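See below for the structure under consideration.
The values are calculated or read from the model by the stated rules, or taken from the named source; none is laboratory data. None of the values given here were measured: they were computed from a predicted structure. Positions of Cβ are generated from backbone atoms using ideal geometry, with glycine treated the same way; all protein chains shown enter the neighbour counts. When the accessible area is computed, the model is the full protein with side chains, heavy atoms only, and any ligands, DNA or RNA have been set aside. Shrake-Rupley method; radii C 1.70, N 1.55, O 1.52, S 1.80 Å.
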Amino acid sequence: MENKKIIKKTFKIKGMHCAGCVRTIERVLLKTAGVHSATVNFATETALIEFDENVISESGLAETVKDIGYDFETGDHLATKQSNELGGAGTETASIKVLGMDSPHCAMVVEGALKKMKGIKNIDVDFSNKRAKVVFDTAHLSIEGIFKVISDAGYKPIREEGVAEEIMDKEKTERFKKMKELKLKLSVGAVLSLFIFMGSFPNLFPFVPDFLSNRWVLFLLTTPVQFWVGRQFYAGLKLLVKYHSADMNTLISVGTLSAYLYSAAVTIFPAFFTQGGIEPGVYFDTSAIIIVLILLGKYFETLMKGRASEAIKKLVGLQPKTAKVLKDGKEVEIPIEEVKVGDLIVVRPGERVPVDGKITEGESEIDESMVTGESMPVHKKSGDAVIGSAVNKFGTFTFEATKVGKDTVLSQIIKMIEEAQGSKAPIQRLADVVSSYFVPVVFALAFLTFIVWYIFGPVPAFSFALVNFVAVLIIACPCALGLATPMAIMVSSGSAAKNGILIKDATSLEIANKINTVVLDKTGTLTQGKPQLTDVISFDNGNRADVLSLASSLEQRSEHPLARAILRYAASIDQRSSHPLDKAILEEAKKEKIEFYDLKEFKAISGKGLRGFLTINGEKVEAHLGNRALMKDIGLDVSPYEERMKDMEGEGKTVMLIAASGKIKGALAVADVIKKEAKEAVSALKKRGIEVWMLTGDNKLTAEAIARQAGVENVMSEVMPDKKAEKVKELQDKGKIVAMAGDGINDAPALTQANIGIAMGEGTDIAMESANVVLMRGDLMLIPETIKISKRTMKIIRQNLFWAFFYNSAFIPVAAGALYPFFGILLNPIFAGAAMAFSSISVVLNSLRLKK
């Protein structure tokens with residue numbers, strides 16, 4: 001039978017126009033032989049496909065997608081295409097930070113403007129990380145030209161060059177400059193707007209000098225507010241004229257300019273606008289105050305968004321800049337970028353570990369809290385792995401670099417968080433679809449409002465029409481709609497990472513909220529994964545220390561895990577080492593006095609145990625350690641000890657008998673002990689109404705014993721590794737939404753099959769790759785915590801979406817004057833501006849609650 005070769009890869013798909021295209025492509029791919037899963041992202045024009053390369057090739061996938069009318073580009077295909085088009089050269093990829101690109105709508109604006117340029121090959125825009133990757137033909141286009149288009153659209157581009165920290169520094173410098181400029185403009189705008197407002201309403205402010213009410217003075221005061229303070233909004237006009245696109249800036253610039261230009265025309269040509277002796281009003285106050293209010297909202301929004309993305313910034317800041325490498329026996333300090341795999345690096349107390357590696361000399365207590373969330377320092381000795389950016393607390397040690405650069409745990413975490421923040425949750429699709437149509441619909445409604453009021457409105461009809469036209473444009477807020485989901489995901493994924501929970505994508509965050517069944521693999525997930533000696537029993541009034549001495553001496557040369565359990569126990573007594581045994585066992589063990597006898601003629605007896613000759617008090621003694629079958633083979637009767645053995649086996653323990661000089665001396669029991677928090681974690685899941693299952697290859701008796709200790713009532717025992725995924729599917733077929741937690745290579749298919757795969761931190765790379773959620777430490781309490789975070793996030797997202805939809809659907813009709821015929825109520829555009837600014841801020845503030 002041909003082996004499966006399952007791979008997961010991302011491909012570019014061109015030609016999608018809506019969410020319907022996404023569903024069509026996914027449906028066709030999932031029906032294709034060899035395809036295990038397919039997730040298509042409309043925003044990034046990508047498809048993440050998991051497929052069996054022995055059944056279908058990348059070119060086969062391309063043909064399948066092309067058959068239904070879409071362009072499908074593999075990495076090789078893209079490179080070949082570029083090579084053919086450009087004679088093998090001339091294509092460049094630029095990674096650009098786009099400051100000010102704060103919502104999906106902004107991302108669509110930037111992408112739309114860039115796509116109109118000749119020479120653009122591919123664009124991938126990720127607004128949550130303010131990043132655009134652009135592939136372009138250098139024969140037709142330069143990076144400067146791309147920067148100009150982004151600047152014309154109203155955003156600040158920064159080329160992503162150098163290490164992450166340098167990019168962050170550039171971004172920080174630009175943000176500081178932007179905040180400084182915003183403060184100055186706000187200060188000037190606020191002062192001028194105050195005078196404009198008081199001059200516009202002399203009846204409310206009788207103490208104001210008469211000249212301040214003069215229209216020419218108001219015109220002069222408003223002009224700098226309109227064109228200098230509100231300059232950033234005119235990018236929206238440039239967008240409309242030059243690129244035939246529109247965004248929120250377009251709404252604001254058209255709205256405020258309409259009020260300003262009408263008021264300016266009335267001031268300059270008063271006779272033209274005077275009808276029937278009625279002098280028309282001016283709206284300089286409307287224009288100026290709206291600009292200042294919206295700018296104030298932008299200022300607070302920028303401040304708070306900085307707080308929302310703190311998680312990645314803190315992680316990037318943890319990376320050391322240099323490392324002390326041993327070269328020819330001497331320490332040489334070199335930049336972190338120059339460290340290579342295999343280099344020997346020295347770390348002293350108080351320093352950060354530069355890269356990932358394995359200790360070769362020395363030991364220390366190391367604080368890994370920034371990665372694992374574990375507050376207590378961890379003892380590390382020779383042979384133990386260390387994580388880059390962890391803090392060395394006490395000792396000096398040397399370690400060998402095993403992972404550097406982008407391969408380190410910290411770099412992978414940063415990448416994972418960025419991908420999660422850039423991914424889309426299913427709930428976001430509706431908001432994205434609405435946002436894409438939002439601005440054109442608002443313009444249509446605003447012009448319709450103007451026409452209706454101009455034709456049917458009371459005298460002066462033009463003034464009523466203009467005020468309501470401006471109010472509709474200003475009240476609309478696509479930002480609130482666009483920020484509702486990604487803002488919450490950005491904050492919660494960053495907050496979860498600080499606690500040692502890495503959520504790979506937004507979809508997983510949403511699905512975790514619906515989980516009603518959790519399947520826990522036994523070994524290494526529910527249990528510690530390392531057998532421990534739990535019982536030492538001597539028979540016929542013998543000495544426990546003698547039993548342990550015989551067993552430890554025999555096991556000296558055995559590589560069996562059970563042997564290691566006995567030797568660890570013995571070593572903890574003999575050397576007082578700090579091996580992580582259960583405290584109660586350790587205390588009892590230290591009372592024992594054991595001896596290691598000289599071992600000769602050692603022999604492992606497959607499936608039964610082992611035999612050897614020990615020198616005890618100068619006498620050569622034959623000794624055996626093993627199961628019932630071994631004792632039977634050497635002619636010893638175990639029936640007098642059966643009852644005690646069965647009691648221990650009923651608790652899920654493996655029992656071994658020790659015999660010497662033709663007599664059974666005692667028994668030792670070894671078990672894989674459950675984690676100390678297992679019972680609490682299972683209880684926490686049950687309290688949330690979640691069904692908990694244990695999955696294991698152990699026999700039914702052992703499995704049920706372990707399950708009882710952990711408080712698990714549902715057990716799937718004697719499950720072969722290749723059948724674990726089938727067991728998960730069986731639960732799914734019953735309508736269960738399943739989360740599977742595991743740590744081994746054999747858990748990978750089950751982790752992939754589950755609705756949510758959870759990999760334990762001490763697990764294999766393959767398990768972590770297959771999982772949707774990675775727990776950076778093996779703490780089972782992080783599983784209910786993950787579900788709790790998901791539920792809180794979804795609650796915040798629903799609140800955000802409700803507020804954004806409710807706000808726009810309720811206030812746009814009010815701004816259009818829908819209440820005027822019934823109640824005589826019209827919405828002042830100034831209040832519309834304040835409401836619009838508050839709408840975005842409320843969404844951001846609500847999302848920031850997830851940081852707690």
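Using a 1.4 angstrom probe on the protein heavy atoms only, could you order K156, K795 from most to least accessible area? Before the final figure, lay out the partial values.
Working: K156 90, K795 120 Å².
Final ranking, largest accessible area leading: K795, K156.
When only the heavy atoms of the protein chains count and the probe is 1.4 Å, how do I451, I797 rank by accessible area, highest first? Please report the intermediate quantities before stating the final value.
Numbers: I451 90, I797 0 Å².
Most to least solvent-accessible, the answer reads I451, I797.
Stretching K851 away from K734 to a fully extended chain increases their span by 38.5 nm, per 0.36 nm per residue minus the current alpha-carbon distance.
Among 619-627, 498-506, 702-710, what's the highest-first ranking by average C-beta atoms within 10 angstrom per residue?
So the order, starting with the most tightly packed, is 498-506, 702-710, 619-627.
Ranked by the mean number of other Cβ atoms within 10 Å of their residues, highest first, the peptides 194-206, 658-670 fall in the order 658-670, 194-206.
Gain in length, S142 to K687, computed as 0.36 nm per residue apart minus the alpha-carbon separation, to one decimal in nm? Walk me through the numbers before you get to the answer.
Details: separation 545, 0.36 × 545 = 196.20 nm, distance 5.94 nm.
That works out to 190.3 nm of additional length.
Rounded to the nearest 0.05, what FRET efficiency do V341 and A33 give with R0 = 51 Å and r taken as the Cβ-Cβ distance? Could you check?
Once the sixth-power term is evaluated, E becomes 0.80.
The 3J(HN,Hα) values that the Karplus relation (6.51, -1.76, 1.60; θ = phi - 60°) gives for segment 637-650 are, in residue order, 8, 9, 4, x, 10, 4, 4, 5, 5, 5, 4, 5, 5, x Hz. Gly and Pro appear as x. M720 exposes around 120 Å² of accessible area when a 1.4 Å probe is run over every protein chain in place. Taking every protein chain into account, the 1.4 Å probe leaves H36 with about 90 Å² of accessible area, to the nearest ten.
Report, in listed order, any pair from K530/K676; K358/K406; K514/K727; K130/K180; K14/K118; K12/K514 with a Cα-Cα distance greater than 22 Å. Write down the numbers at each step before the final one.
Numbers: K530/K676 14 Å; K358/K406 18 Å; K514/K727 20 Å; K130/K180 20 Å; K14/K118 17 Å; K12/K514 30 Å.
Going by Cα-Cα distance, K12/K514 fall outside the 22 Å limit.
Cross-link partners of K620 among lysines, defined as those whose alpha carbon lies under 22 angstrom from its own and excluding same-chain residues fewer than eight positions apart: K593, K600, K603, K663, K665.
Counting 0.36 nm for each residue step from D52 to K358 and taking away their Cα separation leaves a gain of 106.7 nm.
Between A810 and M781, how high is the FRET efficiency from 1/(1 + (r/R0)^6) when r is the Cβ-Cβ distance and R₀ = 45 Å? Nearest 0.05. With R0 = 45 Å, the Cβ-Cβ based efficiency is 0.60.
The simple spin-label model puts a point 7 Å past each Cα toward its Cβ; for D328 and K183 those points are separated by 5.3 nm.
A 1.4 Å probe over all protein chains sorts V134, V378 by accessible area into V378, V134, starting with the largest.
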